Structures are given as C-alpha cells and as structure tokens.
Amino acid sequence: MNIIYEKLRIGIDEVLLDIQGAAYRLSGGKLGKSMFTESLDIKKVGTDVRIIREDEDSVTIAKFDESGKIVNKGFRIISTSDLHFGDDPVLRDKCMGMLMRQIADTKPDLVVLTGDVILGRFQHIDAIQFARFMEKIGVYWAFVFGNHEAREEKGRFKELLMKCQTNFPHCLARQGKKELFGLCNYCINILGSENKILKTLFMLDSGRDILDEYREEHGCPKEYDSYDYIKYNQMNWYENKLKMLEKQYGEVKSFMYMHIPIKEYELAVEKDENGNFMFSGKCEIIHGAVREGVGSSRHNTGLFALIKKLGSTQAMFCGHDHMNDFCVRHDGVYLVYNQTGGYETYTTGDNLGVPEKDWPQGVTVTDIAPDGEVKISQRFNSMYL
Ligand SMILES: [Fe+2]
C-alpha cells in the first residue's frame, strides 16, 4: 500500500476522531456522539507482559518480574467475538463498558477478538477508537478479521483497517506474509522461559464467502455457495511455522483462533424432531449451549486433520455464530465458541426470547497453568447488570 496514502488516511481519521471528542466534551455529550465514545471512564489495568521480539508474521512475548527476568506464573487469555460496532453509540458504549469491566476484574495477560468487531459506517475511525481504548487500559490484545470486516478479501480497505489498529503499541496483530490468503495470518509465542514456549497462538483469516478464484486449487465444487474455508497456503504456513518453532524451542503446544468455525464444529450439533438445535452427543461437552446451526463452510480443506497430524494444537476458538457459546472436546481438541460481546446483533432482546440476565454476551477465559495445562471457562456480562 502506498505509505503516503496510508499515513494520510489514518491521520485524517485520527483528527476526525479528535474533533468528535472535543465536540462531545464541549457540548456535554450532545454533539459528536455519532462516532465517539467517551462516556466511559477508562481505567488502566496494565500488564507485566512485554514483547521480546517480532517479525512480519510472529510476535514473541513473556511475563516479566520486577528484576526484568522472564517468569512463568501461568498466563490468562480472555477472548470475545463479534462486538459488531455498528452505528448505535449507546450500544457501542455498553459493549465497550462491559469489556472494560471484564478486563478490570479478570486482569488478563492478553485479550483476543475473533472478528466481526467493527462494522459501522465509520469503520476506520471505530478501529482507531477501539485501539485507543485498549491502549488506555494498557493490556496487550490481538485480533483476527471476521467475514463482516472482509469487504475486500485483501484490498486496500481491509489493509488500512488493520493498520488503524496495529499502529498502536499494545496491539499484537500482524498483517502476516503477503503471499498468503487474507490478512492477519500470524502467531503469538508466549514464552515460559528464555528457551521454552508455554503456548503459541496461531491466528488465521477465515475470509468471507467462497470465491470462484480459489475453487479449482482447493477442489471446491461449483455448487457450493457458503462461508469461506481455510486455504492450503495458510495451512502450509501453519505447518512450516510450527516446525520452525519446534526446531528452536522443542515441543510446542498451541491454540488456534479464527472467525468462521471449521466443519468439525458441526459434529457437536444436531436438530431434534421439532427442528430445534441440540447437542448431538458425539462430542464431550465442556460448557455452554447450542442455540443455532454452525455457520461453517460447506467445503472442508482438512485443517482439523492437519491439526491431528501435527499434534500441537489443543484448542480452536472461533466466533461467527453469536448464539452458540459451547466448548466441546472432539478427538482430543477443544472446539470453542468465544462468548459473543456485541449488543448490536441478533443476540439481544426478542431475538433470544429470554431476559437479559440469560443473554450470552461475555468473555471466554482461558487459563494456562505454568505446566501448560489448559482450563477454559465462561464469564457473562450479565453479572454486571
Ligand atoms: Fe458476526
């Protein structure tokens, strides 16, 4: 991307945001509300995580003690998905306020968002605003794109949306290698010591809808018209990256984050005689509920089979299907829906048919013990009502 254009666009958006902020403050909250959130009293949480090194498709981090040494005290990730910032500033405030409280109370080492975060008319401005929000909280965060952010699969728009956020120091997302499908194919290596990985997080762009240009290479039938699938070049990158890390650090255990669930999630779900979705009984249920069908691609490129072959990835986290928030174990791998976080989606009000105290918005908490053991649990926003 032309660097002058990029800097100019982001600069203009930052200025627009500042003007909105000033208007909001000077008018006592009457003006500037359409694209600005400042009713929140953002409290700094801070972190003892530091970036050790980074390159185009990976960031290596660890927790440090006061003497500047890497410590292995375990690691907490909270993940959420589908915040769906649209054009309702009240609901956006509510969403960010809830996330802020979750972060303040859980004190995570990392926050991960699995896509469909920013959808409104002023997408780039919202992206900068969200990055500033996380910067004030002072906790590291990362994201992958969802189908709603992929207006172009790898166009200037999406690239700029990425830059609006990766420019900020606490954002660990990276664009990844240019030759791969999509953006944000990268990994985060969490070290437990100088030469041992506690966990690697592989982040993948799961695209939007099936595109004709990729059908032949991936053997995807013409009649398949659905959400997208993970491409072979992304799978090759995952395999090669993992092998490289194993060469350097020995055994590497990992998680994987993407927006659209892979087909294997469907194994957990079936319909009862009335057409309602329910658990199939084919997977071990860890937590959560199934309330809708799995919106995976009709085409399966075999990512799960590759995960099994490589034996590193212990859990996959996705978003996309806002009403599902289950975690199941299939063939030794956790298949997790991150709690949805958005209030501008169909997971609200009459759509769910239950009172707000039973809505699924919240965060998924993943605790990694110093020995690498994993515990995944749910935390609902309804506790703050
Ligand atoms: Fe979504």
Provide the FRET efficiency to the nearest 0.05 for the residue 308-residue 246 pair, computing r from the beta carbons and using R0 = 22 Å. 0.85
Taking 0.36 nm per residue of separation and subtracting the Cα-Cα distance, what length does fully extending residue 331 through residue 25 add? 104.7 nm
Nonlocal Lys pairs with alpha-carbon distance under 23 Å, region 264-385 (8 or more apart, or different chains): 5
Could you give each residue of region 127-138 its phi-based ³J(HN,Hα) in whole Hz, using Karplus coefficients 6.51, -1.76, 1.60 with θ = phi - 60°, and x for Gly or Pro? 5, 5, 4, 5, 5, 5, 4, 5, 5, 5, 5, x
If 264, 217 are placed from fewest to most neighbouring beta carbons inside 10 Å, the sequence is 217, 264
Tabulate in residue order the Karplus-calculated ³J(HN,Hα) for region 14-23, using 6.51 cos²θ - 1.76 cosθ + 1.60 with θ = phi - 60°, rounded to whole Hz; enter x for Gly and Pro. 5, 5, 4, 5, 5, 4, 4, x, 5, 4
What ranking do 322, 170 get, fewest neighbouring Cβ atoms within 10 angstrom at the top? 170, 322
Can you run phi through the Karplus equation (6.51, -1.76, 1.60; θ = phi - 60°) for region 295-309 and list ³J(HN,Hα) in whole Hz, with x for Gly and Pro? x, 8, 6, 6, 9, 10, 8, x, 4, 5, 4, 5, 4, 5, 5
Can you give me the distance in nm between label points at residue 270 and residue 179, each placed 7 Å from the Cα along the Cα-to-Cβ direction? 4.5 nm
For region 279-385, what's the relative contact order in percent, using C-alpha pairs closer than 8 Å and at least 6 residues apart? 22 percent
Can you work out the FRET efficiency for the pair residue 3 and residue 64, with r the C-beta to C-beta distance and R0 = 22 Å, to the nearest 0.05? 0.10
What is the gain in length, in nm to one decimal, between residue 73 and residue 107 on full extension, counting 0.36 nm per residue of separation less the C-alpha to C-alpha distance? 10.9 nm
If you average the sequence gap of Cα pairs under 8 Å that are 6 or more apart and divide by the length of the chain, what percent do you get for the contact order? 17 percent
Ranked from fewest to most other Cβ atoms within 10 Å of their own Cβ, 15, 139, 45 fall in the order 15, 45, 139
For residue 354 paired with residue 286, estimate the spin-label separation in nm (one decimal), with each label point 7 Å from Cα along the Cα-to-Cβ line. 2.0 nm
To the nearest 0.05, how large is the calculated FRET efficiency for residue 367 and residue 216 if R₀ is 56 Å and r is the Cβ-Cβ distance? 0.80
Can you tally the net charge around residue 254? Count Lys and Arg as +1, Asp and Glu as -1, for every other residue whose Cβ sits under 11 Å from the Cβ of residue 254. +1
Could you let me know the centre-to-centre spacing of region 124-190 and region 234-252, using Cα atoms, in angstrom? 23 Å
Please enumerate, by chain and number, the lysines with C-alpha under 20 Å from the C-alpha of residue 7, excluding those fewer than 8 residues away in the same chain. 154, 158, 163, 178
Based on alpha-carbon atoms only, what is the radius of gyration of region 122-240 relative to the globular estimate 2.2 N^0.38 Å? 1.18
Restricting the calculation to Cα positions, tell me the Rg (one decimal) and the Dmax (whole number) of region 44-384 in Å. 18.8, 62
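Values quoted throughout were computed directly from the atomic coordinates according to the rules given, and no laboratory measurement underlies them. Because the structure is a prediction, the values reported are computed rather than measured. A quick note on method: Cβ atoms are made from the backbone with ideal geometry, for glycine too, and the neighbour counts reach across all protein chains shown.
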